[in-house]
């Protein structure tokens, strides 16, 4: 639990933030960022999406502190300042999504060892929503399940691929593993960072210019935090995990899922399908919002954090 860098100037988080190095069970070095405070009524374990990093959620930590919660954020393996697999550090790769569960377990272990305020709540965005759902399922049958309630933001419970391309994607990603080229970028992607290449008016993340600039300034100031496209191996692992999750029942954990009506990054059909049958689960639609509900306009962000805080406060 040694101190790690935390780039406060670009995170724009509340005072008292700190970051720490952790080591997963398989030896991979991870980083977590912590914003805690006296009197917190619980701790939010915030699970970022693909390409994301601790500092991106500095403002979210401020929103959560204003509502009485501490925040712990993780750099997943392969992104942020965590260990990366390839010499090409811009390639996002993982061999199997089970590896992310090692990261999550280490995060929970850190929270307990650090004595962070309980209960613990889950807040998970995009790929983090996929990892978080699996974590809830893994712990649902144990008496020691640490999560009391969960808030998802545009969870990646399905990969948005045109129907006619799905057979080709499955064949290509499977072949990449067999013939050892699974480290190559997925078609249509590369080493460039999205927020530094896409114009604001055509971006698929947010309709808020200020939050778009917030993300851009982080990438410009600290390119070492950034990531490019996914590898074919990551895509294979993601497709496999999303399909596996569709075959499993939702855990008995109260949950709310936020989804923008302009979502263009993840497949929305599995979200609607799961939330329609999730006991104690609610689907909350955000008119006009893009993928990053937590990075949208002030009114949208306020509604998101108010809704999550209300859910969390009901389950102490």
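The numbers here are math on the coordinates, done by the rules we state, and not lab data. This structure is a prediction, so every number in the text was calculated from the model and none was measured. Cβ coordinates were reconstructed from backbone atoms using ideal geometry, including for glycine residues, and neighbour counts include every protein chain displayed.
Separation of segment 250-316 from segment 215-233 is 25 Å, based on Cα centroids.
Pairs of Cα atoms under 8 Å, at least six residues apart: use those to get the relative contact order of segment 220-316, whole percent. Rounded, it is 25 percent for segment 220-316. For segment 3-314, averaging the sequence separation of C-alpha pairs within contact (under 8 Å, six or more residues apart) and dividing by the residue count gives a relative contact order of 19 percent.
Both radii are taken from the alpha-carbon atoms of segment 3-314; with Rh as the Kirkwood radius, Rg/Rh is 0.93. Full extension of the chain between residue 267 and residue 89 yields a length gain of 61.4 nm, computed as 0.36 nm times the residue separation minus the alpha carbon distance. Take the Kirkwood radius over Cα pairs of segment 74-123, plug it into Stokes-Einstein at 4 °C and 1.567 mPa s, and you get 105 µm²/s for translational diffusion. Which of rounded, prolate or oblate describes segment 6-89 when judged by the alpha-carbon gyration tensor and an a/c cut-off of 1.5? Prolate, because a/c is 1.5 or more and a/b exceeds b/c. As a length-normalised measure over Cα pairs under 8 Å and 6 or more apart, the relative contact order of segment 1-64 settles at 37 percent. Going from the residue with the fewest nearby Cβ atoms within 10 Å to the one with the most, 30, 133 rank 30, 133. The packing ranking, built from the mean of other Cβ atoms within 10 Å per residue, places the peptides 278-289, 41-52 in the order 41-52, 278-289, highest first. Can you compute the equivalent ellipsoid semi-axes for segment 1-156, i.e. the square root of 5 times each eigenvalue of the Cα gyration tensor, sorted largest first and rounded to whole Å? With the √(5λ) rule applied to segment 1-156, the semi-axes are 22, 19, 14 Å.
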